[in-house]
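The values are calculated or read from the model by the stated rules, or taken from the named source; none is laboratory data. Keep in mind it's a predicted model, so treat the numbers as computed, not measured. As a convention, Cβ positions derive from the backbone with ideal geometry for all residues, glycine included, and neighbour counts pool all protein chains shown.
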Amino acid sequence: MPARRNSAHLFAALGDQTRLRLVRRLCDDGPMSITRLTAGSRVTRQAITKHLRVMEGAGLVCSTRHGRESVWHLDARRVDEARTYLERISRQWDAALARLQKFVEE
């Protein structure tokens, strides 16, 4: 399981609708520039940049320079960490609910 402090930053970064859309786009379409990430969106390049910086701080994305543009890449390992963390919490809740059901039925 990932460290709690890292998980808190990760889930804070994922806790925004715009950032979740960015994660989805990077998952579906692969690495992209800010220009491509803002295409068809009402969100400004400056706002997208700020969201990407938050995600970068949480280890979700990184960028590489290609000429004058930065191309943003999703770190799938961090998404897997979030999934693993949520699966563990889900198992714990399932076990707690099973204990409660057993208690109520007895």
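The set of residues in the stretch 33-51 being under 15 Å from Leu20 (Cβ atoms) and touching a helix residue (DSSP H, G or I) at 6+ places or on another chain (Cβ under 7 Å) consists of Leu37, Val43, Ile48, His51.
Contact map, the stretch 76-101: residues that are among the charged types (D, E, K, R) paired with residues that are surrounded by 11 or more Cβ atoms within 10 Å (Cβ to Cβ) and in a helix (DSSP H, G or I), Cβ distance under 8 Å, separation 6+ or inter-chain. Pairs shown: Arg78/Leu10; Glu81/Asn6; Glu81/Ser7; Glu81/Leu10. If you go through the stretch 68-82 and pick out every residue that is buried (at least 17 other Cβ atoms within 10 Å of the Cβ), under 10 Å from Glu56 (Cβ atoms) and not hydrophobic (A, V, I, L, M, F, W, C), you end up with 0. How about the stretch 46-64: which of its residues are farther than 24 Å from Asp80 by Cα and surrounded by fewer than 13 Cβ atoms within 10 Å (Cβ to Cβ)? Once the filter is applied, which keeps residues that are farther than 24 Å from Asp80 by Cα and surrounded by fewer than 13 Cβ atoms within 10 Å (Cβ to Cβ), the stretch 46-64 yields only Gln46. Please indicate, with yes or no, whether at least one residue in the stretch 52-74 is modelled with pLDDT under 90 and aromatic (Phe, Trp, Tyr). No: the stretch 52-74 contains no residue that is modelled with pLDDT under 90 and aromatic (Phe, Trp, Tyr). Within the stretch 29-43, is even one residue of a type in the set (D, E, K, R), under 24 Å from Asn6 (Cβ atoms) and either over 15 Å from the mean Cα position of the chain (by Cα) or surrounded by 14 or more Cβ atoms within 10 Å (Cβ to Cβ) (or both)? No, the stretch 29-43 has no match at all. Residues of the stretch 4-28 that are surrounded by 12 or more Cβ atoms within 10 Å (Cβ to Cβ) and of a type outside the set (A, V, I, L, M): Asn6, Ser7, His9, Phe11, Asp16, Thr18, Arg19, Arg21, Arg25.
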